[in-house]
Structures are given as structure tokens and as C-alpha cells.
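Taking it in order: structure first as C-alpha cells, then the write-up.
The values are calculated or read from the model by the stated rules, or taken from the named source; none is laboratory data. None of these values were measured; they are calculated from a predicted model. We place every Cβ from the backbone using ideal geometry, glycine too, and count neighbours over all the protein chains shown. With ligands, DNA and RNA removed, areas are computed over all heavy atoms of the protein, side chains included. Shrake-Rupley method; radii C 1.70, N 1.55, O 1.52, S 1.80 Å.
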Amino acid sequence: MKKMFIVVLFITISSLYFAGSLTYGKFRISFLDVGQGDAIFIRTPDDYTVLVDGGPSSKVLEQIAEVMPVYSRTIDILILTHPHSDHVNGLTEITKRYVVKKAFITGVDYYNPYYTKLLSLFNEKKIPVYFAKADNDFKIGKNVYLDFVWPSVPIAGRKFENVNNSSIALRVIYKDKIIFLGGDAEQEQENEMINSGFNLSADILKAGHHGSRTATQDEFLDKVDPRIVVIQSGTGNSYKHPHKEILEKLFDRNIEIRRNDKEGRIDFIF
Ligand SMILES: [Zn+2]
């Protein structure tokens, strides 16, 4: 009996260790399978975690459990690109159940009950909240940089006619690998980013607004010049994302297309 207990204990400890060490020492970015919405999880080689958006529901909890080590309950940096339901809703459950160390938002004026709930959770849990700005770039862990490229001026308190065009955009940089995440930015915001003169280049681009034809315009693709485009859209979504014009354009440019609606969760491990 005692021997069996020790064996069970050994298996438990080693599987805990194994799950946690799967990607330890590597850089990981996972485009989570949350249906029609965005949720991107990043883990640095030295075990810092970043979550960009939380998708439309608590499905993000199951997805994050698959990529987080079981011993970890910490999100070091949480970023809400903009307060639409398909980005903000899942973050409320995350903030309830995980220890969030700091959060970046834009602070735009927009009503969504989940956004209100998230802000009150930040307040209740005394989570430091920052308004993202293009000059707030910083390093996380030893060798991962978050390079914010939009907004270039503070937009807290501002109302947007189309809140998609208030999306935090950033480049995640690990050694020679760069990933561009721009929320639901559509052409109008893409133009502002192009005109800002910032370096927008990246190896991997998350398609703007779930592969809608209103984003990922030619001039923007020229600037980012990605090798791979990831499209976060849900199977059979009512918007018909990704739009065929975008898929054709990427195909013509010889860019590899990765889609959550076809593949489920998409991971890159460097
Ligand atoms: Zn969206």
C-alpha cells in the first residue's frame, strides 16, 4: 500500500513537472481557439506570461489551461486591445481566477457590461492599470520586448465612431522573431500606423479584425511584410470572416495562412 502511494505520488509530481517544463526555456505564442474572437497567450523563456485579449466567453479558461503550466496562476501582463465583447468578455473570468500583475488598456469611452465589470475587477483586486501608448515599450523577462506602436497619443476617455479603430497594436519581439498584434484595427487605423513612421515589420501578423476585408490592406501588408498571417475567426461565424478577398490576397503574396477556425489552437514555439 505504501509502495503504491509512493508510485502514485511520483507519477503525479513528475507529470506536474513535465506539463510545466514542456516549453520552459523557449518562447511560446499561442493563438487560442476561442471561437469568433481574439485571445493570444505568450510565455517567455524565463516564464513570464502575457495575455492579449480574452475572446468572447469563458472558453479562454480551458484554452489557457492547456498552455499554462499547472503550477502557475499568474498573468504578468494582460492587454485589452479594445472593449468589444469578442475581446473583453473572457478577460473577466481570467481576472477573477488568475493573479494579474498589471494591465494595459486604452481607456476609451465605450459601454459594454463586461468592460465595466473588468474595470471594477481591476479596481477591486488593486491591479495596476496603464494606458498603452506607443512610447511605453518595455522588456519582459530577459529577452522579450513589447513594442507598442499604437496609439501614438493617449486616447483614454475618447469616444470612437468605430471602436475597432482604437485597438492597441504592438510588436512582440523575441530575438530575431517578431509578431505583430493589432486587435481589430481596420484601414483607417492601419493608415495612421503607416503614417506614424514606426517600424511595423514582423514575421507573423495577426490579421486585423478576424480577416475582414476592411483590414489588412495592401499598403499595410507592404509595411509589415509578414511570412505568416494568423486569422482568429470562429467556424461558421455570421460575419463570414475571413473574407475571400483577404485569403486571395495573402495567397497571391505567397504568405502562409494559419486559421483558428480550421486548425483550433495555433502555437509557435521558438
Ligand atoms: Zn473582434
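If the segment from K240 to V99 were pulled out straight at 0.36 nm per residue, it would be longer than the present Cα-Cα gap by 47.2 nm.
Scanning residues 5 or more positions from F160 or on other chains, those with amide H under 5 Å from its amide H are D109, with H placed 1.01 Å from N in the peptide plane. Multiply the residue gap between L247 and K223 by 0.36 nm, knock off their C-alpha separation, and tell me the result in nm, one decimal place. Between L247 and K223, full extension yields an extra 6.8 nm. Taking label positions 7 Å along the Cα-Cβ direction at both E192 and F270, the computed distance is 2.8 nm, reported to one decimal. Compared with the dominant principal axis of the Cα atoms in the chain, helix 85-97 is inclined by about 30°. Each other residue within a Cβ distance under 11 Å of G37 adds +1 if Lys or Arg and -1 if Asp or Glu, for a net charge of -4. For segment 21-269, which whole percent of the accessible surface, found with a 1.4 angstrom probe, sits on carbon and sulfur atoms? Here carbon and sulfur together make up 48 percent of the probe-accessible area.
At a threshold of 8 angstrom on Cα-Cα distance, excluding pairs fewer than six apart, so keeping six or more, what relative contact order does segment 135-270 reach in percent?
Computed value for segment 135-270: 16 percent relative contact order.
Rounded to the nearest 500, the 222 nm mean residue ellipticity of the chain from helices alone is -9500 deg cm²/dmol, with -39,500 (n - 2.57) taken per DSSP H run of at least 4 residues.
Only one residue of N195, F148, G208 has its Cα farthest out toward the positive end of the dipole of the chain, where Lys and Arg carry +1 and Asp and Glu -1 on Cβ, and that residue is F148.
Peptides 153-161, 41-49, 26-34 ranked from most to least packed by the mean count of surrounding Cβ atoms within 10 Å: 26-34, 41-49, 153-161. Quick one: angle between helix 187-196 and the longest Cα principal axis of the chain, in degrees between 0 and 90, rounded to 10, please. Relative to the chain, helix 187-196 is tipped by roughly 90 degrees.
In terms of its alpha-carbon gyration tensor, segment 21-269 comes out rounded; the largest-to-smallest axis ratio a/c stays below the 1.5 threshold. Computed extension gain for E161 through D135, at 0.36 nm per residue and net of the alpha carbon distance, reaches 6.9 nm. Helix 2-21 and the long axis of the chain differ in direction by around 20°, with both axes built from C-alpha atoms. Considering only I94, T81, S57, the residue lying farthest towards the positive end of the dipole of segment 47-117 is I94, judged by Cα position with unit charges set on Cβ.
Accessible area per residue for segment 21-269 in Å², computed with a 1.4 Å probe and the full protein assembly in place, what is it?
Counting only protein heavy atoms, the per-residue value for segment 21-269 is 42 Å².
Charged side chains reduced to their Cβ positions (Lys and Arg at +1, Asp and Glu at -1) give the chain a dipole of some 1300 debye around its Cα centre.
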